[in-house]
Every structure is written in C-alpha cells, then in structure tokens.
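Read the figures in this text as sums done on the coordinates, not as results from a lab. Because the structure is predicted, anything quoted here is derived from the model rather than measured. Heads up, the Cβs are rebuilt from the backbone with ideal geometry, glycines too, and the neighbour counts pull from every protein chain shown.
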Amino acid sequence: MPRASNSTTIDPALDAAALLRRVGFFGLFVILPVLAQVARRATVILAPIAVVLLIIASAIDRRQRPVRPGVSRLLTAPAFLAGMLVVLWSVLSLTWTPFFGPAVERLANLAATIGLALLGYFALPDRMRSANLYLLPLGVVAGSIVAIVLGLFGAHLAPPGIDDDGALDRGLILLILLVWPALAWLRSRRRDREALGLALLVALALTVQPDVTQIAALAVGALAFAVTSYRPKLGVMLTATISAALLAVAPLLPFLARPIGAALLGPLSPAALSLKSWQKVVTADPVRLITGHGFETALRGRLVGLLPLNAPTTALFEFWYELGIVGALAAAFALYASIRRGGRDIPALIPGAMGCFAAAFTVACLGVGLTAIWWLSIIAIAIVVFVAVERGQFRTSRPKVAKLHRLREN
C-alpha cells in the first residue's frame, strides 16, 4: 500500500485568496502612491478596486475578524456616533440648502466614501503578514521618487495635449498621509534608519515643487510625531485638544488672526483679505452660526455670489458655514475622541498616528474644502492603512536563535 503523504494539503481557494489579498495590498500600498502623482482620479478609482479585492479574499478564506462584534464596538464608539451625527445633520440640512441637487449628489459620494472605508476595515485580515506591510514603505519610496522626477522634469516628460493640473499636488498630499503609517511600521520593526531615510525622501519630494500647505502639513506632523515620541500622553493630549479646539472656535479665528496677518503680510495681502471676508460672513448673519447655510453651499455659493470669491476654502470655515454649531461641535468631538482613541492603542504606533492626525488636520485647515471627494478618499485610505499596520503587531519580537536550539534539543 502506498504510504500516506506528510505534505500539507494544498487548498486552491486559500491560495487564490492569498493572491487576491496580495494584489489588493500591492495596488493600495504601491500602485496608488505612484499613479496618484500623475493622475488626478487615481485615488477615487484605484482605492475601491483594491478594497473589492480585499473583500473577495476575505469572503474566500474568512480570515478577517468577526463582523458582528466589530460592528457592535463601532456602533458604541463615541467618535463614530459623533461622526454619524455630522452625517445626519448634513442630511437634515438638505431641507434648507439652496443647492439641493448638487448637495444630494455630494452627500451620496460622502456616504460611498464612508462605506468604502468601513468595508476595507472589516475586510482586513485579523493578522497582517509582514510581507504585505513592507509593501507600504516601498510604495511611499516609489511615489516619492516619481514625484521628484516629475518636479524636476515634469514639463519635459508630459505628453502633448495632456492636461492633468493638480495631480502632483494631490499625490504629494497622499504621500504626506501615508508616510506616517509607513514610519510607524518600520519603527515597530526596529528599522529606525530606514524610517529616517523614508521621511527625508518624502521631505525632499515636497521641496522639489514647494507648496506652503504641504510643507506646513509635513512640519506639523513631524512636530506631533516628535513630541509624542518623547512624551506620548502629552503628544496625544496636545494633538487632540488643539485640533478639536480650533474647529470648535473657528468663527473667532478671523477676528484674532486678521490683525496678525495684516501686520505680517500687509492689510491688502490675499490672506488678510480672505480673513476679512470670513469676518463679514460671521457678522452679517450670526443666526446662521446655529443652523448653517446647508450642505454644499460653501462651494456653490461662490459661483452664484452668495459668498465672496476670496472666502476661505478650509474645513474650519466650511464646517461652520454649511453645518453651523451642531455640525461643527459634533465634528470637533468626533475628532477629539478619534485622536484620543488612537493614543490608547499599541505604543509603537502612537507617534505615527499623531503625526498623521496632525498632518491631515493641517491640510484641511490650510487648503482643502469640506467635501472634496479625492480628499475624503485619501483620509479613508489612511485609516485603512493604519488599521492594517496595527493588525501586523501581533508579534513584537522574534525568538532568539539560542532559545530555538534549546527547544529543538528538548
């Protein structure tokens, strides 16, 4: 009789799931950071494809965490409940927004982005393989190199007739957010030199085509990262408190910042005039600070004259203008609770999480509106990536070789 084989039975379904998951992570971690430098819609097109591959892989091998307990924890999390209050208030504001059709379309896109992030969260395996997570710093390196080449030689490399303005700016913002989970992963693997080299490469990519918002975002993120690395509790508290406070008291900011901006930049500088417009919006209709003007009015209002063209295009202004005190304070609490929750997870990842929070909030404060889909997609991607890095921390140290030898001898 033939002897029974001792080899492990090969399951084609599990192999297919592993392949799909690897392809999904390769698209999310490597292809997306590269293509985002040259294509404006890369984020909103590739991210859903990668998430769908992860969902299919999880449906085949069922290696994700149980969905029901995860949903229960999510539905009882204060940050998630406050975020849902923001969404519900946005839906309610459709009754008084002057741009009902565009607002419904934008709100549907917002719901789709939130759904994408949730699906990606639930589709992640319970334990992430290191081989998949090492794709993340590889993708950030590749994206940075492409950004540097485009910044230096972009005018000569672009094919004639291609008009893709803003692609590099969006791609660099994606790198600014993805560099923090990449750094957190490398530092958790005790690869500090590689982490430092990665950070310097991203910084170099930003200097090739300087932009105030991007440089400020990276600098603020680096400051939060450094403070949290030195004093974790202090870094988390400062990041959470400052971010939430700025959003909560945003209508007071133009009255405080305009004299400073006028003294430093001149009273006729674009920044000072933008703050003056913000002041007029606050004082002209203070009752609207309670209800807001309705979803999508900040963008559309500029086109029809409801808002000055030089009104700020920041989340601080648009939250209050569109959603009023209810939406703004709910968003501030959600932000505060999210940051505090991020500061209670695995200690090795906390500095990177605070750096990502601070960088994202800086971008939102200086140059991105409230509901730009590409921006919301980038935030969703950063969240999914950080969860993936967190699930790769189930083994913090490798067994020593001497201990393995003793185990084998016994």
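Remarks
- Region 80-121: C-alpha gyration tensor shape, a/c 1.5 cut-off, then a/b vs b/c: oblate
- Amide proton proximity set for Gln64, modelled H, under 5 Å, gap of 5+: Asp126
- Those trypsin sites (Lys or Arg not before Pro) in region 179-265 that DSSP places in a loop and that have at most 14 other beta carbons within 10 Å: Arg190
- With 20 Å bins from 0: P(r) over the chain, alpha-carbon pairs, percent: 24, 56, 17, 3, 0
- Peptides 104-115, 320-331, 293-304 ranked from most to least packed by the mean count of surrounding Cβ atoms within 10 Å: 320-331, 293-304, 104-115.
- C-alpha center-to-center spacing [region 40-57, region 170-223] in angstrom: 23 Å
- Between the listed residues Ala79, Pro48, Pro69, the Cα displaced farthest toward the positive end of the dipole of region 6-108, a dipole computed from Cβ unit charges relative to the Cα centre, is found at Ala79.
- Kirkwood estimate for region 232-351, i.e. one over the average of 1/r between Cα atoms, Å: 15.6 Å
- Relative contact order (%) - criterion: Cα under 8 Å, at least six apart; region: the chain: 25 percent
- For the chain, built as a Gaussian network whose Cα springs stay under 10 Å, the top-fluctuating residue of Gly24, Gly266, Gly392: Gly266
- Shape call, region 28-144: gyration tensor on alpha carbons, a/c limit 1.5: oblate
- For Leu307, the amide hydrogen comes within under 5 Å of the amide hydrogens of Arg302, counting only partners 5 or more places away or on other chains and with H modelled in the peptide plane.
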